[in-house]
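What follows is a short report on a single structure.
The values are calculated or read from the model by the stated rules, or taken from the named source; none is laboratory data. Just so we're clear, the structure is a prediction, and the values are computed from it rather than from any experiment. Here the Cβ is made from the backbone with ideal geometry for all residues, glycine too, and neighbour counts use every protein chain on show. Please note that ligands, DNA and RNA were not included when accessible areas were found on the heavy atoms of the full protein model with its side chains. Shrake-Rupley method; radii C 1.70, N 1.55, O 1.52, S 1.80 Å.
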Amino acid sequence: MPTTNDIIAGGCSCGQVRYELSKEPMFIHCCHCHLCQQQTGSAFITHAFIEESNFHLKSGDLRSYQGPSGSGGKHRIEACTNCSAAIVSYFGPTNHLAIIKVGTFDNPSIISPNAHIFTDSAVNWIKIPDQVKCYEQFYNFKDAWPTEAYERLQQVRKLQNQL
C-alpha cells in the first residue's frame, strides 16, 4: 500500500480526465462475477473503496449512467465524456462511498487486493495467490475488512443515513 504521504493519481485512456486520491483506499477487492466480466470485457475488475471526500477530480468531465449490479440495486457509473472509460462507481442512494476502478490508476501496481470475490465465477486460468482472502460470493464487511478500514466505512454509512 502507498504511505499516507503518497497521492494516488489516475485518469482515463484519452487523458482528459485526471483525478487524485488524497488518502489510501479503505479496501481493494477483485470481483470475478460474470457481470463485471461483461462490463469490463476482462476476467475481473479491481475496485478501491474510498470516501468521496478523498476522491478529487482534477480535470475533465464525467458523465453518469446507470448500470446493472449483482444485487439488483442502484449502480451509477461515472465515465469520461470523451473516451467513455469508467472511472468511479457509486452504489446506493448517495455519493459518499466512491469505488474507483484501479485500472485507471497511473500505477495500478501500487496496491494489492485485500480480497477476491465471486471466485465461483472466476475464469479457470486465473491463479489467485494463496495468501489473499477469497470468497466464493461476497463477504461480510466487518469480518473481511481491517478494523481501521471498517471504521472509516462506518463513518461513510453514517453520512449516507443522514438523507
Report task. Considering only region 123-163, state which residues are under 18 Å from the mean Cα position of the chain (by Cα), among the hydrophobic types (A, V, I, L, M, F, W, C) and open to solvent by less than 80 Å² (accessible area, probe 1.4 Å). Result -> Val132, Cys134, Phe141, Ala144, Trp145, Ala149, Leu153, Val156
Query raised in the report: For region 101-121, does any single residue satisfy the condition of being in a strand (DSSP E or B), more than 18 Å from Thr40 (Cα to Cα) and open to solvent by 50 Å² or more (accessible area, probe 1.4 Å)?
Result: no
Query raised in the report: What do you reckon, is His47 at pLDDT 95 or above, closer than 27 Å to Gln160 by Cβ, touching a Lys or Arg at 6+ places or on another chain (Cβ under 8 Å) and assigned to a strand (DSSP E or B)?
Result: yes
Report task. Check whether at least one residue in region 58-72 is in a strand (DSSP E or B) and surrounded by 15 or more Cβ atoms within 10 Å (Cβ to Cβ), and report yes or no. Result -> yes
Query - Qualifying residue in region 80-87 (condition: open to solvent by 70 Å² or more (accessible area, probe 1.4 Å), closer than 17 Å to His47 by Cα and of a type in the set (A, V, I, L, M, F, W, C)) - result: no
